[in-house]
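To start, the structure under review is shown below, and the notes come after it.
The values are calculated or read from the model by the stated rules, or taken from the named source; none is laboratory data. If you're wondering where the values come from, they're calculated on a predicted model, not measured in any experiment. Note: ideal-geometry Cβ built from the backbone for every residue, glycine included; neighbour counts use all protein chains shown.
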Amino acid sequence: MNISSIRGMHPQGPDRTGLWQEVERILVHIAKSYGYKEIRFPVLEKTELFCRAVGQATDIVEKEMYTFIDRNGDQLTLRPEGTASCVKAAHECALLNGQTQKLWYMGPMFRHERPQKGRYRQFHQFGVEVFGEPGAGVLLELILIIERIWKKLGIASQISLQLNSLGSTECRASYRELLVDFFSAHKDDLDEDSQRRLQTNPLRILDSKNPQMQSLIAMAPKLLDHLDEASRAELDSVRTVLDTSGIRYEINPHLVRGLDYYNGLVFEWVTDRLGAQGTVCAGGRYDGLVKQLGGRDMPAAGLAMGLERVLCLCEELETLQPNECADAYFVAFGSDAFAKMLNLKEDLHDRMEEYILQINTAGGSFKSQMKKADRSGAKLAIIMGDDELSEGCVGVKFLREDRPQEKVALTELENYLKSHLDKRKHHGINA
């Protein structure tokens, strides 16, 4: 009997993993080029971590977390987002002792949501976090990193940047009272979800996607009109640099993010190509979180990108064409020729690590082996039978060109291959 997959948790076959690897390669390369270093942390954490960091009144904690009691009686949760786990891991690794830390991570997250295009119950995020840097400079760098990634992926024209500021804790508390007063006066016009949020997390009402709520939300007080001086200066500073850099953006006064730890500048990159799941990447400043989780009081900022949504855009726009075809495919006839060919290919791997070299290990007729060589996508088939073995050479057949087969001495094969194959490097090496 077949065991079906868990809803919203999907395998990825080789026909799609090439695109995954190419996107991941670009993300990691750009993060490293800006001086960010990788950090890794567990998929499973104590539930308290997310309740304290993300917020008890958020949708993530109230509705979406995969939480259970383990055999020791501990309440554990599959991580629904990366920032809280990253802060905890950086603290445990003694990284938050005063020096600036610039970190990146990538991996699966879990939320019990209704699956749809671009949103799954097991999904993947790429995130970058910076600890110990105040001011607008780090926020600008985060924005510039993501803008560079969009350009490299070829999807920049389909994604737009939105900015807002949540202000300081103090000004947000005052604004919260204004918001509660306003929506309480229009309580009969609130949908069920917004009525619940009115007392627990009223800022989240501004992020409602209910069309019937939009006219009311448009009339609500704007946090931008009640910012403290420092938060306004931070927003103005970022806007000035983006204007001079030619980076398009818009101010979205209803952008509040769904996690309680944010303060000051927040941002999202959104698209209209993915239906309801329009947010592709988001982040901002969260200065109080490190202290809240037991560390020092220090500034912090970061962002996270939904990889499934990025993959959907790349596929829809056909911007990436990862090439995982073999460069050369080796076929041999006879046990002695196969043993010689196998050793020859291993020697070539030592000196040609950037090339994809495959060998047929299943035997078969010449016709069947050449069919496999052709299906591999290789440019060249390297052929050895008894005659070639005795002569110390191989036959080289061009699979993508109408050219006669050639004989190449074994001692010259490496140079011959390098001169006839593309100089591209395999994605997993020297990226």
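Summed over the stretch 125-149, residues that are among the charged types (D, E, K, R) and either closer than 18 Å to LEU161 by Cα or not assigned by TED's automatic domain parsing to the domain that holds LYS32 (or both) total 3. The single residue among GLU315, GLU353, GLU388 that is farther than 25 Å from GLU401 by Cβ, assigned to a helix (DSSP H, G or I) and among the acidic types (Asp, Glu) turns out to be GLU315.
The single condition among (1) closer than 23 Å to LEU96 by Cβ; (2) outside the structural domain of SER160 (by TED's automatic domain parsing) that ASP260 does not meet is (2).
Considering only the stretch 115-124, I want to know if a residue exists there that is more than 19 Å from the chain's Cα centre (by Cα) and either closer than 30 Å to GLY246 by Cβ or of a type in the set (A, V, I, L, M, F, W, C) (or both).
no
Selection of the stretch 348-377 for residues being over 18 Å from LYS397 (Cα atoms), charged (D, E, K, R) and surrounded by fewer than 13 Cβ atoms within 10 Å (Cβ to Cβ) yields ASP350, ARG351. One residue stands out in the stretch 49-71 among those that are modelled with pLDDT under 95 and not in a helix (DSSP H, G or I): the one that is surrounded by the fewest Cβ atoms within 10 Å (Cβ to Cβ), namely GLN56.
For the stretch 296-347: of the residues being farther than 15 Å from ILE382 by Cα and of a type in the set (Lys, Arg), which is surrounded by the fewest Cβ atoms within 10 Å (Cβ to Cβ)? Selected residue: ARG296. With respect to the conditions (1) among the aliphatic types (A, V, I, L, M); (2) part of a loop (DSSP other than H, G, I, E, B); (3) not assigned by TED's automatic domain parsing to the domain that holds TYR105, MET341 falls short on a single one, namely (2). You will find that of SER231, SER237, the residue that is touching a Cys at 6+ places or on another chain (Cβ under 9 Å) and under 21 Å from LEU303 (Cα atoms) is SER231 and no other.
Determine, yes or no, whether HIS112 is part of a loop (DSSP other than H, G, I, E, B) and either in the same structural domain as VAL138 (by TED's automatic domain parsing) or surrounded by 20 or more Cβ atoms within 10 Å (Cβ to Cβ) (or both). Here the answer is yes, as HIS112 does meet what is asked.
Scanning the stretch 168-185 for residues that are in contact with a helix residue (DSSP H, G or I) (Cβ under 8 Å, 6 or more places away or on another chain), without any contact (Cβ under 8 Å) to a residue 24 or more places away in the chain and assigned to a helix (DSSP H, G or I) turns up at least one hit.
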